[in-house]
Amino acid sequence: MMKNVFFLIAAMGAAGMMLSCNADKTPQLGKASIDEVVRAMTLEEKVQLLIGTGMAGLSDDGPVVGVTESIVPGAAGTTRPIPRLGIPAIVLADGPAGLRIAPVREGDSQTYYCTAFPVATLLASAWNTEVAENVGKAVGKEVLEYGVDVLLAPGMNIHRNPLCGRNFEYYSEDPLISGKIAAAVVRGVQSNGVGTSIKHFAANNQETNRMGNDVRISQRALREIYLKGFEIAVKEAQPWTVMSSYNYINGTMTSESRELLTDILRGEWGFKGTVMTDWTGGKYPPAQVHAGNDLLMPGSPRQYEAIMAATADGSLSVEDIDLNVKRILELIIASPRFRGYKFSNRPDLKAHAEISRQSATEGMILLKNERALPLPESAKKVAAFGITSYDFISGGTGSGDVNEAYTVSLREGLINAGYQLNDELAALYENYINAENEKLRPDAGNPFAAFMPRTRPAEMPLSAAVLKKMAEETDVALLTIGRTSGEFLDRKIPDDFDMSDNERRLIREVCNVFHAAGKKVVVILNIGGVIETASWKNLPDAILLAWQAGQEGGNAVADILKGAVNPSGKLTMTFPIRYMDAASSANFPYDYQFDTRNAASLFSSQYENKKESVRNVDYTEYAEDVFVGYRDFDSSGKSVSYPFGHGLSYTEFAYENAAASVKNDGYTFSFTVKNTGNAAGKEVAQLYIAAPGKSMKKPVKELKAFVKTKLLQPGESQTIQLTITKEDLASYDEGSGQWMVESGDYVGLIGSSSENIKQRINFQY
Ligand code: BGC
């Protein structure tokens, strides 16, 4: 019944349009002012505009799977058109690793593939805002040329815990790097005249019960860690839209929080754009409207009815509705569709593949290197171990997955770079993988399997004879370890964080046999999130953290192995020794078992009607407060496997001549980075600040600025200046609800990682 009313109203809108053809006086969007258009709208039309057009396959509160077929197949949704007033529908489609639309259309021989760029974590690992902006430009071009108006990206939630299933879509455990990279991506995408949606606002740090979880958090941690990145992106890049998240914060759903969406986002930060929900997010639509959550996506008749009812009984004001309607109209006016842009459906995928490859090499991280890389000219014959060497992973799953035309596997990348892969070993692996995948096919019986990380075969045991033969016949061993993850599910300690027994055995045996033959072993990590490295990292000669590098991943890894590109990525999160070492692990659903076949439990709060609340599922205490990632490891003195900011190069850098100057509330730190090694390379220089921490407990140090140098030739130097303001020193004081700067002795710490500090400068505030 509800649905019928809804569609009847939609039909009336269309009928209205026909009448208006003769009614010249009807204000038209773009010709009349927005105020005039709003005045001409019926209440029904306004409420229709507040909610999206729905989604094929999405019943009222059902799962978000399926597509909005009407305008751009495979897009996540559209706004509702009101032709009578000249209001078109605009199209919203996912990111963040590239544009997500359907690659083929029925009865159409053209294809609509998009470029799969590296996952967000890799992009951030480049610590290069120019590279991020360039990737943004290319993604935005595809958005524009495929007729999409708003890209639902970048994702910028904090990596609070290593097991969050969507960390690969996000940038870092640190808000500064998250905010700066997001701002760069937003600038790049929006330079095409299309919009972005920074998401998921805010504190959406676990997938488990993501629609029902209440984040219990201090105002200080919220402001300093979980909102800070969004604040930076809003102030520096003005994204066209912000996507509110599914979760609650301290008892209020983010999409229903006026404090978050109106007071903080707009009032304090000056956000000028539109807020939309995450898909089906929020429970009580009138509260969402009042909060300033302008657009409810993908929209349902239930929401329409609820808003109409609240308007009728006076609990929701028409002023609230009008304000949101205006902001949606402003978004529509800015869109390429409204401007009548003639999109080509033919973006330059070739040029974008190059950008994808280049950005991938820029963000890969050399974790360890004992004279193994770059591979010497003499190393031509390669033994590639590990199923992931033959089943390379380009990205994560869920809405962040891209439909690309091809992916370059590791094997293809190595062959393209002139290496000879041992065929016998390749055949063994390929037969094994095919047979195992056949056994794992029950996955296919699950309707949601396409949106979930695929179950991958266990690592293949190898006989001593095969290992010995490989060590004899080849010059070097590559051993790839892979992990997939995606939306809806958090990762697990035994399957995802820890190494399996088979993996451990493989690393140990390959290292033993190759080392006995005087040959090197290089481990490649093709992963989307942090894994355990401490127990095995001493075995191989080198470890390359390749992340999930998009469609050119195999070529990008080969570029680094060969030395065509000198690695310059650094960790944007800590690699702890044990999972439980992370402070947030004390409050994370690491042992919770989701029933992945029960769709309802994945797409709504499965605990809605139960009496008792389950810790870490219904609510999560952010008890570690501001001590997230390195802020905790540093302060508590716990050892880590690889620290935040770590990453090696094929060359060495010296830091010299550090000095600081104070001007108008700003502190400028200048220093020189010199390439003292033999290869050209780039360095990421990091500025941390240690605060007095007397009146307020502060982390030992916090990242306040960073820069990536240009490509420095051997012997070449670059003088760097990093400026921070008084505001950068401030902490959020809960008592007064103000940002406060403590007076006293501060130290500026300039380093090549959070642990490798090269220069210190004392200063006073
Ligand atoms: C995801 C969002 C995404 C939306 C539309 C949701 O399930 O959380 O990140 O943009 O779907 O596909």
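The values are calculated or read from the model by the stated rules, or taken from the named source; none is laboratory data. Keep in mind it's a predicted model, so treat the numbers as computed, not measured. Because the Cβ atoms are built from the backbone with ideal geometry, glycine has one as well, and the counts that use them run over all protein chains shown.
Residues being surrounded by fewer than 18 Cβ atoms within 10 Å (Cβ to Cβ), in contact (Cβ under 8 Å) with a residue 60 or more places away in the chain, over 28 Å from Val72 (Cα atoms) and among the hydroxyl-bearing types (Ser, Thr, Tyr) are entirely absent from region 341-350. Test Gly140 against the stated conditions and say whether it is buried (at least 24 other Cβ atoms within 10 Å of the Cβ), touching a strand residue (DSSP E or B) at 6+ places or on another chain (Cβ under 8 Å) and either in the same structural domain as Gly528 (by TED's automatic domain parsing) or under 30 Å from Pro81 (Cα atoms) (or both). Taking the combined requirement at face value, the residue satisfies it. Only one of the listed residues (Thr115, Thr111, Thr129) is closer than 17 Å to Thr709 by Cα and either away from the ligand (no atom under 16 Å from the Cβ) or of a type outside the set (A, V, I, L, M) (or both). That residue is Thr129.
Residues in region 712-739 that are among the β-branched types (Val, Ile, Thr) and buried (at least 16 other Cβ atoms within 10 Å of the Cβ) were compared, and the one that is farthest from Lys682 (Cα to Cα) is Ile724.
Taken over region 569-598, the residue count meeting the criterion of being over 20 Å from the mean Cα position of the chain (by Cα), in a loop (DSSP other than H, G, I, E, B) and polar (S, T, N, Q) is 3. Kindly indicate whether Ser649 is within 30 Å of Ser535 (Cβ to Cβ) and surrounded by 13 or more Cβ atoms within 10 Å (Cβ to Cβ). So Ser649 passes the test. A Cβ distance below 6 Å, combined with a sequence gap of six or more or placement on separate chains, defines the contacts here; from region 274-291, residues that are more than 15 Å from Ala312 (Cα to Cα) and within 16 Å of the ligand (Cβ to nearest atom) reach residues that are among the basic types (Lys, Arg) and modelled with pLDDT of 95 or more in the pairs Thr274/Arg327. I'd like to know if region 146-154 contains one or more residues that are surrounded by fewer than 24 Cβ atoms within 10 Å (Cβ to Cβ), touching a residue at least 12 places away in the same chain (Cβ under 8 Å) and among the β-branched types (Val, Ile, Thr). So far as region 146-154 goes, no, none of its residues is surrounded by fewer than 24 Cβ atoms within 10 Å (Cβ to Cβ), touching a residue at least 12 places away in the same chain (Cβ under 8 Å) and among the β-branched types (Val, Ile, Thr). Those strands (runs of 3 or more DSSP E) of region 724-764 in which 2 or more residues are touching a Pro at 6+ places or on another chain (Cβ under 8 Å) occupy 745-751. When residues in region 410-435 are screened for being of a type in the set (Gly, Ala, Ser) and surrounded by 20 or more Cβ atoms within 10 Å (Cβ to Cβ), 1 of them pass.
For Ala75, the conditions (1) over 30 Å from Glu45 (Cα atoms); (2) within 12 Å of the ligand (Cβ to nearest atom) all hold with the exception of (1).
No other residue among Ile181, Ile232, Ile177 is more than 14 Å from the ligand (Cβ to nearest atom), on the phi < 0 side of the Ramachandran plot and touching a Lys or Arg at 6+ places or on another chain (Cβ under 8 Å) apart from Ile232.
Checked against the criterion of being touching a strand residue (DSSP E or B) at 6+ places or on another chain (Cβ under 7 Å) and either polar (S, T, N, Q) or at pLDDT 95 or above (or both), the candidates Arg258, Arg266, Arg223 yield just one match: Arg223. Residues that are surrounded by 23 or more Cβ atoms within 10 Å (Cβ to Cβ) and small (Gly, Ala, Ser) were ranked within region 238-271; the one that is farthest from Leu296 (Cα to Cα) is Ser257. From the list Leu373, Leu367, the one residue that fits, being of a type in the set (A, V, I, L, M), assigned by TED's automatic domain parsing to the domain that holds Asn416 and over 24 Å from the mean Cα position of the chain (by Cα), is Leu373. Report whether or not Val628 is touching a strand residue (DSSP E or B) at 6+ places or on another chain (Cβ under 8 Å) and either part of a strand (DSSP E or B) or not assigned by TED's automatic domain parsing to the domain that holds Ile177 (or both). Answer is no for this residue. Against the condition outside any strand (DSSP E or B), under 21 Å from Thr252 (Cβ atoms) and within 26 Å of the chain's Cα centre (by Cα), how does Asn324 come out, does it pass? Spelling it out, it is not the case that Asn324 is outside any strand (DSSP E or B), under 21 Å from Thr252 (Cβ atoms) and within 26 Å of the chain's Cα centre (by Cα). Within region 685-706, residues that are assigned to a loop (DSSP other than H, G, I, E, B) have Cβ atoms under 6 Å from residues that are surrounded by fewer than 21 Cβ atoms within 10 Å (Cβ to Cβ) and of a type in the set (A, V, I, L, M, F, W, C) in these pairs: Lys701/Ala690, counting only partners at least 6 apart in sequence or on another chain.
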